[in-house]
Amino acid sequence: MKNILKIILCVLVCYVTIGLGWITKDVIIHENVKDGIAVLGYHGVVSDKEKKENYVSNPYFMSVSQFEKQMKYLAENNYQCLSMKEVENYYHGKKEISKKAVCLTFDDGYKNFNTVIKPIIKKYKLQATNFVIGYKTNNPLYLQKEDLKNDQYVEYYSHSYNMHHIGHLPYKKKIETMTIDEIKKDFEKNKGLVSTDYFAFPYGVSCQNAQDYLKSSSVKLAFSYNQNRHMTRHDKQYLLPRYLMFSNMPFFLFKWWVE
């Protein structure tokens, strides 16, 4: 019995040590890279009731009250909210930004982007980018082709036509299996729906074939996910980091990330 307790204690100590080391690493990275832009990556936003009833265990769907609290904070604290073109100009040294610079991005093109998120963006006079999955525009739960109209608050770009997964669970990331020619054809399919000037990788995952294609394409910037770090001019043009925003994240963490 004593040996079992010792083993359990050792395992707990290891987990705590690893956890503290991970947190310390993230804090150091964040504190050392405060210059640049906090690029925030969201997915869906639903009503508080719907969050509790249908999406309580889904970390990618945020409640409207939580999301609006974050947007209100950005507006009331005079954050500079950037469009993709402004991010591109910053990256190439053509634009200076304030210490409070953020870029709001949303992945997948859910229907609630236009019905729930966009009214809040307009209310606080912010700007947002939605990265749309092309083939999903035939699904009523997602934005349709007629919904993809740019205006002063929102622009729509490519999240691939269909490079996310193959088959059923467990999903295999399709982008990692594709040839350069297959990736090129996927981009061409999306051109009739949204601009491919800017691109967000499916699952935030890149691969060598994708990098090789992007370098020969007209894509200007591409985004992945890399937590706890601002995007800077020193990052790779086709592998720019974003913060993955998740439901029920503590508000102090949101403020720390955007500071």
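Would you please give the residues with an amide H less than 5 Å from that of Cys103, counting only those at least 5 places away or on a separate chain, with H modeled from the backbone geometry?
Those qualifying (amide H under 5 Å, at least 5 residues apart or on another chain) are Ala38, Val39, Leu40, Leu82.
I'd like the FRET efficiency for Thr179 and Ser218, computed as 1/(1 + (r/R0)^6) with the beta carbon distance as r and R0 of 30 Å, rounded to 0.05. Intermediate results must be reported in sequence, preceding the final value.
Working: r = 20 Å, r/R0 = 0.65.
Taking R0 as 30 Å, the efficiency between Thr179 and Ser218 is 0.95.
Among residues other than Asp151 whose Cβ falls under 15 Å from its Cβ, what is the net charge (Lys/Arg +1, Asp/Glu -1)?
Numbers: positive: Lys85, Lys118, Lys122, Lys123, Lys125, Lys149; negative: Glu146, Asp147, Glu155.
Surrounding charge for Asp151 is +3.
What full-extension length gain, to one decimal in nm, is calculated for Gln152 and Glu259 as 0.36 nm per residue of separation minus the Cα-Cα distance?
Using 0.36 nm per residue and subtracting the Cα-Cα distance, I get 36.0 nm.
Below 12 angstrom from the Cβ of Tyr213, what's the summed charge of the other residues (Lys, Arg +1; Asp, Glu -1)?
Numbers: positive: Lys184, Lys185, Lys215; negative: Asp181, Glu182, Asp186, Glu188, Asp212.
Here the charged neighbours net out to -2.
A 24 angstrom limit on the alpha carbon distance is what I want to check against. Which of Lys149/Lys189; Lys94/Lys191; Lys122/Lys255; Lys191/Lys220; Lys100/Lys136; Lys51/Lys189 exceed it?
With Cα atoms farther than 24 Å apart: Lys94/Lys191; Lys100/Lys136; Lys51/Lys189.
What is the sum of charges around Phe131, taking Lys and Arg as +1, Asp and Glu as -1, for the other residues whose C-beta is under 13 Å from the C-beta of Phe131?
Numbers: positive: Lys136, Arg242; negative: Asp107, Asp108, Glu155, Asp197.
For residues surrounding Phe131, the net value is -2.
List the aspartates and glutamates whose Cα lies under 19 Å from the Cα of Lys52, skipping any in the same chain that are fewer than 8 positions away.
Glu68
Hand me the trypsin sites (Lys or Arg not before Pro) from the stretch 173-204 located in a DSSP loop with no more than 14 other Cβ atoms within 10 Å, in residue order please. Display every interim value, and only then the final one.
On the way: sites: Lys173, Lys174, Lys184, Lys185, Lys189, Lys191; in loops: Lys191.
Qualifying residues, ordered by number: Lys191.
Pull up all non-local amide H partners of His165: gap of 5 or more, or a different chain, and H-to-H distance under 5 Å with H placed in the peptide plane.
Long-range HN contacts for His165: Lys174.
What nm value, rounded to one decimal, do you get for the distance between Asn89 and Lys172 when each label is placed 7 Å out toward the C-beta?
4.5 nm
Rounded to the nearest 0.05, what FRET efficiency do Lys111 and Asn77 give with R0 = 35 Å and r taken as the Cβ-Cβ distance? Could you check? Mind showing how you got there, number by number?
Details: r = 30 Å, r/R0 = 0.86.
Efficiency computed from Cβ-Cβ geometry: 0.70.
What is the calculated FRET efficiency for His165 to Lys52, with r their C-beta to C-beta distance and R₀ = 22 Å, to the nearest 0.05? Provide the component values of the computation, followed by the final result.
On the way: r = 28 Å, r/R0 = 1.26.
According to the calculation, E is roughly 0.20.
Each reported figure results from applying straightforward, stated rules to the coordinates on display, with no laboratory input. Bear in mind that the values here come from a model prediction, so they are computed numbers and not experimental data. Every residue, glycine among them, receives a Cβ derived from its backbone with ideal geometry; neighbour counts consider all protein chains shown.
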